[in-house]
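I have placed the structure first, in the form of structure tokens, so that the comments after it can refer back to it.
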Amino acid sequence: MTFMAHRIANSPGIATAIVLLLMPLCAHAQLDATIYSGVSDSRNSDVQLTQPVNTSLTFHNVSWDDQSLDNPVYWGARLTYWFPHARRWGMAVDFTHAKIHADLRATVNVTGTRAGSTVNDQEVLGNTFSVLAMSHGFNLLTINAMYRWMSQPRLQPFIGFGAGLAYPHVEVKINSSHTDEYQLAGWAINGMTGLNYDLGKGFALFAEYKISYADMKADLNGGGTLKTKVWTNHLNLGVTYHFGQ
């Protein structure tokens with residue numbers, strides 16, 4: 001599974017393959033290709049850590065920093081197929097490359113057991129983790145149902161809702177154990193609302209607000225797991241090109 005996720009996340013040809021598969025549909029419908037960048041804000045979440053030798057800890061209310069504008073920057077891509085006989089409705093494949101970094105300087109409540117001993121105290125997160133992040137990709141891939149309003153020729157509001165997979169680049173370092181790899185870590189859902197403004201000649205500007213939820217479980221090298229459930233707000237701007245319009 002980890003190998004498969006690594007191949008997916010590092011295969012530029014996957015987007016090309018999707019386009020080639022969908023292009024024949026454009027003779028009777030509209031296919032939109034969108035690229036975007038933006039910023040995200042992930043809400044605090046609990047992080048559950050299990051390790052061998054009877055360790056099971058929950059770090060409560062961990063704070064995440066997105067660092068959207070630092071390299072590698074936040075970005076995304078979307079392909080939307082609008083049905084020819086119901087032009088307000090469509091289906092979209094959406095990929096988002098966000099990032100989350102835990103604030104290792106923060107003091108958090110910790111409960112559970114460490115090496116068999118009960119823990120219920122406040123600790124600096126960096127006392128346990130040297131690295132806790134998904135900075136080369138808090139990646140979400142979803143399939144979405146889309147609806148748009150077409151009363152104005154140039155301005156088209158839209159909404160969407162979908163579900164799919166979370167396959168982040170897991171970066172966790174605890175003592176000598178270091179995990180640094182892509183993993184299919186769980187499932188995700190998202191909802192979005194935004195605007196397309198047609199510029200003519202097939203191009204449009206794109207702006208949206210999106211909220212996502214990812215329920216993730218990552219396997220750690222040396223044994224153990226890391227679990228967290230992350231809500232994230234996204235603000236995106238980009239460009240759309242209409243095929244077959």
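The values are calculated or read from the model by the stated rules, or taken from the named source; none is laboratory data. Because the structure is a prediction, the values reported are computed rather than measured. Counting neighbours? That spans all protein chains shown, and the Cβs are built from the backbone with ideal geometry, glycine included. SASA here: full protein model, heavy atoms, side chains in, ligands and nucleic acids out. Shrake-Rupley method; radii C 1.70, N 1.55, O 1.52, S 1.80 Å.
Roughly how big is the chain's charge dipole about its Cα centre, with Cβ charges of +1 (Lys, Arg) and -1 (Asp, Glu), in debye to the nearest 20? Could the numbers behind the result be given before it?
Details: 16 positive and 17 negative charges, 143 e Å.
Roughly 680 debye, rounded to the nearest 20.
Under 28 Å between C-alpha atoms is the cut-off here; go through the chain and count lysine pairs that meet it, provided they're at least eight residues apart or on different chains.
Final tally of qualifying lysine pairs is 13.
Through the Karplus equation 6.51 cos²θ - 1.76 cosθ + 1.60, θ set to phi - 60°, convert the phi angles of region 37-47 into ³J(HN,Hα) values in whole Hz; use x for Gly and Pro.
So the Karplus estimates, Gly and Pro as x, are 9, x, 9, 9, 9, 8, 6, 4, 8, 6, 10 Hz.
What is the angle, in °, between the Cα long axis of helix 13-22 and the longest principal axis of the Cα atoms in the chain? Nearest 10 is fine, range 0 to 90.
40 degrees
Could you work out the Rg to Rh ratio of the chain, with Rh taken as the Kirkwood radius (inverse of the mean 1/r over all Cα pairs)?
1.05
Could you list the square roots of 5 times each eigenvalue of the Cα gyration tensor of region 183-234, that is, the equivalent ellipsoid semi-axes, sorted largest first and rounded to whole Å? Working shown, then result.
Working: eigenvalues 265, 30, 9 Å².
Over the Cα atoms of region 183-234, the ellipsoid semi-axes are 36, 12, 7 Å.
If I take every Cα pair under 8 Å that is 6 or more residues apart in region 201-245, average their sequence separation and divide by the length, what percent do I get for the relative contact order? Each step should come with its number before you reach the end.
Numbers: 68 pairs, mean separation 23.7, N = 45.
RCO, region 201-245: 53 percent.
Once ligands and nucleic acids are excluded and a 1.4 Å probe is used, how much of T80 is accessible, expressed in Å² to the nearest 10?
Its accessible surface works out to 10 Å², give or take rounding.
Work out from phi, with θ = phi - 60° and the Karplus expression 6.51 cos²θ - 1.76 cosθ + 1.60, the ³J(HN,Hα) of each residue of region 225-234, listed in order in whole Hz, and give x for Gly and Pro.
Residue by residue, region 225-234 yields 9, 10, 10, 7, 10, 10, 8, 9, 9, 10 Hz.
Among the trypsin sites (Lys or Arg not before Pro) within region 178-232, which fall in a DSSP loop and have no more than 15 other Cβ atoms within 10 Å of their own Cβ? Don't skip to the end; give the middle numbers.
Values: sites: K201, K210, K217, K227, K229; in loops: K201.
Passing sites in region 178-232 are K201.
From the phi angles alone, apply the Karplus equation (6.51, -1.76, 1.60; θ = phi - 60°) to region 194-207 and give each ³J(HN,Hα) in whole Hz, x where the residue is Gly or Pro.
Once θ is set to phi - 60°, the couplings for region 194-207 become x, 9, 10, 10, 5, 9, x, 6, x, 9, 8, 8, 9, 9 Hz.
Calculate what fraction, in whole %, of the accessible area of the chain sits on carbon and sulfur atoms when a 1.4 Å probe is rolled over the protein chains. Spell out each step's value before the answer.
On the way: 7360 of 12270 Å².
Answer for the chain: carbon and sulfur cover 60 percent of the accessible area.
Scale the Cα Rg of region 57-164 by the rule-of-thumb value 2.2 N^0.38 Å and send over the ratio, two decimals. Show your work: numbers first, answer last.
Numbers: Rg = 21.0 Å, N = 108, 2.2 N^0.38 = 13.0 Å.
After normalising by residue count via 2.2 N^0.38 Å, the value is 1.61.
Using +1 on the beta carbon of Lys and Arg, -1 on that of Asp and Glu, and nothing else charged, what's the dipole of region 96-232 about the Cα centre, debye to 20? Walk me through the intermediate numbers first.
On the way: 11 positive and 10 negative charges, 76 e Å.
So the magnitude is around 360 debye.
With the chain treated as a Gaussian network of Cα nodes joined by springs under 10 Å, which of G162, G202, G38 yields the largest mean-square fluctuation?
Greatest mean-square fluctuation among the candidates belongs to G202.
Can you tell me the Rg and the Dmax, both Å, for the Cα atoms in region 44-85?
19.5, 60
Quickly estimate the mean residue ellipticity at 222 nm for the chain, helices only: each DSSP H run with n ≥ 4 gives -39500 (n - 2.57), and the total goes over all residues, rounded to 500.
On the way: 2 runs with 18 residues, N = 245.
Only helices count here, giving -2000 deg cm²/dmol.
Relative contact order for the chain using alpha-carbon pairs under 8 Å, separation at least 6, rounded to a whole percent?
Working: 672 pairs, mean separation 53.7, N = 245.
Value for the chain: 22 percent.
What does the accessible area per residue of the chain come to in Å², with a 1.4 Å probe and no ligands, DNA or RNA counted?
Working: 12270 Å² over 245 residues.
On a per-residue basis, 50 Å².
For Cα pairs less than 8 Å apart in space and 6+ apart in sequence, what is the mean separation divided by the residue count of region 171-245, i.e. the relative contact order in percent?
Relative contact order here is 30 percent.
From the protein chains alone at 1.4 Å, what is the descending order of accessible area for E181, E171, largest first? Don't skip to the end; give the middle numbers.
Details: E181 50, E171 20 Å².
Descending order: E181, E171.
Which of the trypsin sites (Lys or Arg not before Pro) across region 55-119 are loop residues per DSSP, with 14 or fewer other Cβ within 10 Å? Before the final figure, lay out each step's value.
Numbers: sites: R78, R87, R88, K99, R105, R114; in loops: R87, R88, R105.
Of the trypsin sites (Lys or Arg not before Pro), the ones in loops of region 55-119 whose Cβ has at most 14 other Cβ atoms within 10 Å are R87, R88, R105.
Using +1 on the beta carbon of Lys and Arg, -1 on that of Asp and Glu, and nothing else charged, what's the dipole of region 157-245 about the Cα centre, debye to 20?
Numbers: 6 positive and 7 negative charges, 29 e Å.
With only Lys, Arg, Asp and Glu charged at Cβ, the dipole is about 140 debye.
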